[in-house]
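Chemist: The following block contains the structure, expressed as C-alpha cells.
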Amino acid sequence: MNRLDYIHVDTESRIPKYKQVMDSVISSIHKGKLTMGQKIPSINEVSEEYLLSRDTVEKAYGLLKEQNIIISVKGKGYYIAKTDLSVKIKVLFLINKLSTYKMRIFNSFVKSLGTNAHVDLDIYHCEPLVFSTILDNKKHLYDHYVIMPHFKNENLQHMGCTDDILKAIHSIPKGKLIIMDRNLKSLSKEAGRIYQDFTQDIYNALTAGLEKLNKYKKIILVYPNKGVYPYPQGIVTGFKRFCIQYDMDYEILDEIYESMELQLKDLYITIEEADLVNLVKQSRDRHYKLGEDIGIISYNDTPLKELLGITVISTDFKKMGEEAAKMILNNNHVEIKNDFNFIDRYSV
C-alpha cells in the first residue's frame, strides 16, 4: 500500500482538515494498517497530495506527537510510536537484573499505576553497551522511563556511570525520566529520583541494631566481590565505617565456603541467597542455635525470610515502586530517599 493511502481527506466535509488527517492515522492504526515503528508520509507529502497548507498538516502531526502516537526522528521523518491507543500511559521499566527484589518493585509499580498504563520490562544485565543500545532504540517510544542504573566493568565489579552511560540517560527528556535505586546527582531536578544510599543505609541499619550486635565477638560480611550481577561497593564502605566506629572485630569474605570455620558468637551478614542457605545449613549441621550461638543478618527482605525468622537489613521495595508510580500519576518528579531498616527477628 502506498504510504499516502493511509491519509484520507474529504474536501466536502465540515470536519477540520487537520482533524481528518489525525483521524486517518488513528483509524489506520486501529485497523492494523499502521504498525509500531512504521514510517508515515512527511508533512510536505501530505500537503502536496491533498492541497493542504503546511500549517494544517503540522497541526495534525503536532497533536499526534503530543499524544505520543507518532514521533519525529531528525533527518528521517515521522514514525508510529504507539499502537495500543486505549492505553493512556506507556512506560519502559529498565532494570539491571531479574531478581525477587526487582520484581517486587516492578509489581508494586504496575499495581500502583493502575489499568490506564502499559509497562514494558527490559533487562540489560549490568552491561553498559546493552543498556545504551536499549535506550537508543527506545528513547522515543515511551511516555516515561524508569531506570535502575547498576553496571559492571570488565573485572565483574560494580562501577559508576561512565560518560557514555550518562550520555544515554541524558538523551531521555528529563520530564519523562525517573531514576530508581541509585542517585545520579548530575541530572536536572526535572528527573525523578527514588534511591538507596548504600553506604549510609547499612551503617544506620546496623547502628539501629547495635544493642543486639554487641553480644557477638566478630562480624563477618559476606560480600560477593565478583559475580554476574555485582553489588554496590558502598555496602562494604558503610559496613567498615560501622565496625570501626563501634570498635568491632570484622572480616569480609567473598562467599560462604563449604566446611566453614564457624565460631561461636560470630555474626554473619549475607547478601546472596545461596550464601544464606549454605550458612543456615552448616549452622544446623553443627547444632548451632541462631540468635544465640551464631547470628545471621540477611541483606534485602523477602516473605520467606520473614517466615523463617531471619533478621534483615532492607529497603522497602513496595514503597519504592509506589513512589515511582506516584511521580508519574501526579506528574511531579521529586527526589526521595527510600526507607532502609533493621528488621529484628530471631536470628540475631
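The values are calculated or read from the model by the stated rules, or taken from the named source; none is laboratory data. Here the structure is a predicted model, which is why all the values come from computation and not from measurement. Ideal geometry is used to build each Cβ from the backbone, glycine not excepted, and the neighbour counts take in all protein chains shown. Remember, those area values only see protein heavy atoms, side chains included, never the ligands or the DNA or RNA. Shrake-Rupley method; radii C 1.70, N 1.55, O 1.52, S 1.80 Å.
Chemist: Largest first, how would 144, 30 line up by accessible area (1.4 Å probe)?
Modeler: Result, largest first: 30, 144.
Chemist: Based on the alpha carbon coordinates of the chain, what radius of gyration and maximum Cα-Cα distance (Dmax) apply, in Å?
Modeler: In order Rg, Dmax, the Cα atoms of the chain give 26.3, 90 Å.
Chemist: What's the local net charge at residue 172, with K and R +1, D and E -1, over the other residues with C-beta under 10 Å away?
Modeler: Net of charged neighbours comes to +4.
Chemist: Quick one: check the C-alpha center-to-center distance for the stretch 256-283 versus the stretch 62-112, whole angstrom.
Modeler: Value for the Cα centre distance between the two parts: 43 Å.
Chemist: From the residues 124, 148, 177, which one has its Cα farthest along the dipole of the stretch 118-177 in the positive direction, the dipole being from +1 and -1 charges on Cβ of Lys/Arg and Asp/Glu about the Cα centre?
Modeler: 177
Chemist: Given +1 on the Cβ of Lys and Arg, -1 on the Cβ of Asp and Glu, and no further charges, what dipole in debye does the chain carry about its Cα centre, rounded to the nearest 20?
Modeler: Taking the Cα centre of the chain as origin, the dipole is about 800 debye.
Chemist: Something else now. Taking the simple approach of a point 7 Å from Cα along Cα-to-Cβ for both residue 10 and residue 229, what is their distance in nm?
Modeler: Taking the two extended label points, one gets 5.5 nm.
Chemist: Something else: Is the shape of the stretch 221-344 best called rounded, prolate or oblate, per the rule: a/c under 1.5 gives rounded, else a/b larger than b/c gives prolate, else oblate, with a ≥ b ≥ c the square roots of the Cα gyration tensor eigenvalues?
Modeler: Here the stretch 221-344 falls in the prolate category.
Chemist: Students often forget the sequence filter, so: which aspartates and glutamates lie under 20 Å Cα-Cα from residue 19 once same-chain residues fewer than 8 apart are removed?
Modeler: Within the straight-line cut-off, residue 19 pairs with 5, 10, 45, 48, 49, 55, 58, 66, 84.
Chemist: May I pose another question? Just to compare against my own numbers: the Cα pair-distance distribution for the stretch 147-188, 5 Å bins, whole % per bin, please.
Modeler: Final binned percentages: 5, 20, 33, 25, 11, 5, 1.
Chemist: Would you please put 156-162, 9-15 in order of how densely packed they are, using the mean number of other Cβ atoms within 10 angstrom per residue and starting with the highest?
Modeler: Peptide ranking by packing, descending: 156-162, 9-15.
Chemist: Once the convex hull of the C-alpha atoms of the stretch 56-136 is built, how many Å³ does it hold per residue, rounded to a whole number?
Modeler: Taking only Cα atoms, the stretch 56-136 has a hull volume of 99 Å³ per residue.
Chemist: Moving on to the next point. How big is the equivalent ellipsoid of the stretch 6-91 along its three axes, where each semi-axis is √(5λ) from the Cα gyration tensor, reported in whole Å from largest to smallest?
Modeler: They are 20, 15, 11 Å, listed from largest to smallest.
Chemist: Still on this structure, I have one more. For a 21 Å ceiling on Cα separation, which of these pairs sit above it: 82/167; 76/139; 39/139; 74/97?
Modeler: 82/167; 74/97
Chemist: Find the lysine pairs in the stretch 265-346 meeting two conditions, Cα atoms under 18 Å apart and a separation of 8 or more places or different chains, and report how many there are.
Modeler: Lysine pairs meeting the criterion: 10.
Chemist: Where a Cα-Cα gap under 15 Å defines reach, which aspartates and glutamates qualify for residue 185, not counting those fewer than 8 residues away within the same chain?
Modeler: 163, 197, 335
Chemist: Same structure again: Could you go through the stretch 290-299 in sequence order and give the Karplus-derived ³J(HN,Hα) for each residue, using 6.51 cos²θ - 1.76 cosθ + 1.60 with θ = phi - 60°, rounded to whole Hz, and x for Gly and Pro?
Modeler: Result, rounded to whole Hz: 5, x, 10, 6, 8, x, 9, 10, 10, 8.
Chemist: Gap in Å between the Cα centre of the stretch 286-348 and the Cα centre of the stretch 1-38?
Modeler: 52 Å
Chemist: To continue, here is another question. Specify which residue in the list 80, 91, 64 is farthest towards the positive end of the charge dipole of the stretch 42-116, using unit charges on the beta carbon of Lys, Arg (+1) and Asp, Glu (-1), about the Cα centre.
Modeler: In the stretch 42-116, that residue is 91.
Chemist: I'd like to check one number: the per residue accessible area of the chain, probe 1.4 Å, reported in Å² as a whole number.
Modeler: Computed with neighbouring chains in place, this is 50 Å² per residue.
Chemist: May I pose another question? Just subtract the alpha-carbon distance of residue 237 and residue 265 from 0.36 nm times their residue separation and send over the number in nm, one decimal.
Modeler: 7.7 nm
Chemist: Calculate one ³J(HN,Hα) per residue across the stretch 220-225 by plugging θ = phi - 60° into the Karplus curve 6.51 cos²θ - 1.76 cosθ + 1.60, and present them in order as whole Hz with x for glycine and proline.
Modeler: Taking θ as phi minus 60°, the curve returns 10, 8, 9, 10, x, 5 Hz for the stretch 220-225.
Chemist: Let me ask something else about it. Label points 7 Å out from Cα along the Cβ direction at residue 157 and residue 170: separation in nm?
Modeler: 2.6 nm
Chemist: Dividing the convex hull volume of the alpha carbon atoms of the stretch 22-159 by its residue count, what do you get in Å³ per residue?
Modeler: Roughly 123 Å³ of hull volume per residue.
Chemist: For the stretch 205-348, give the percent of accessible area contributed by carbon and sulfur heavy atoms, probe 1.4 Å, rounded to a whole number.
Modeler: 48 percent
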